Amino acid sequence: MKFVLFVCTENSARSQMAEAFFNYHNDNPGYIAISAGTHPSDSIKPFAIQVMKERGIVIPDKKPKILTPGMAQRASRIFTMGCIDSCPLTPPKKTEDWHLEDPSGKTIEKYREIRDEIEKRVKRIILELS
């Protein structure tokens, strides 16, 4: 099993959405997505849960988790959401930064915009891996 790792600062919106989209759209049994944060928050942002539900995807009732060296080592590909500068654990050879704005504290419309961009990029990854 190969892991695709999505990382953002709090693991409460962008990386959670990316993980959920990957696991929802991917039908390659050789890959699974996980997500983590460099400074995880206590919970997933309600707007992130809501905008994913609008797509028919329920983000599991789980807590954000901290990025560990083991996660970074095991991952075959790593995608950071815009936190590459604060993420020394991600090896440059297998890491791509998406430079996505953090929607935290913004409107639900911004969450939808970020969600749609994440979904497009995740679908591109899935095509590359197949």
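The values are calculated or read from the model by the stated rules, or taken from the named source; none is laboratory data. Predicted model, so just to flag it, every value in this text is computed and none were measured. Methodologically, a virtual Cβ is constructed for each residue, glycine included, from the backbone with ideal geometry; neighbour enumeration extends over all protein chains shown.
Given the criteria crowded, with 18+ Cβ neighbours inside 10 Å, within 16 Å of the chain's Cα centre (by Cα), outside any strand (DSSP E or B) and not charged (D, E, K, R), does residue 59 qualify? Answer is yes for this residue.
Quick test for you: out of 32, 59, pick the one residue that is at pLDDT 95 or above and under 23 Å from residue 127 (Cα atoms).
Numbers: 59 fails: at pLDDT 95 or above.
Exactly one of 32, 59 is at pLDDT 95 or above and under 23 Å from residue 127 (Cα atoms), namely 32.
Between 109, 128, the distinction of being of a type in the set (Asp, Glu), free of Cβ contacts under 8 Å to residues at least 40 places away in the same chain and farther than 16 Å from residue 6 by Cβ belongs to 109 only. From the list 20, 72, the one residue that fits, being surrounded by 15 or more Cβ atoms within 10 Å (Cβ to Cβ), out of contact with any Gly (no Cβ under 7 Å at 6 or more places or on another chain) and modelled with pLDDT under 95, is 72.
Can you tell me which residue among 9, 68, 38 is out of contact with any Asp or Glu (no Cβ under 9 Å at 6 or more places or on another chain) and either polar (S, T, N, Q) or in contact (Cβ under 8 Å) with a residue 24 or more places away in the chain (or both)?
On the way: 9 fails: out of contact with any Asp or Glu (no Cβ under 9 Å at 6 or more places or on another chain); 38 fails: out of contact with any Asp or Glu (no Cβ under 9 Å at 6 or more places or on another chain).
Only one candidate qualifies: 68.
The condition of being farther than 29 Å from residue 130 by Cα and either assigned to a strand (DSSP E or B) or touching a His at 6+ places or on another chain (Cβ under 7 Å) (or both) holds for only one of 96, 10, that being 10.
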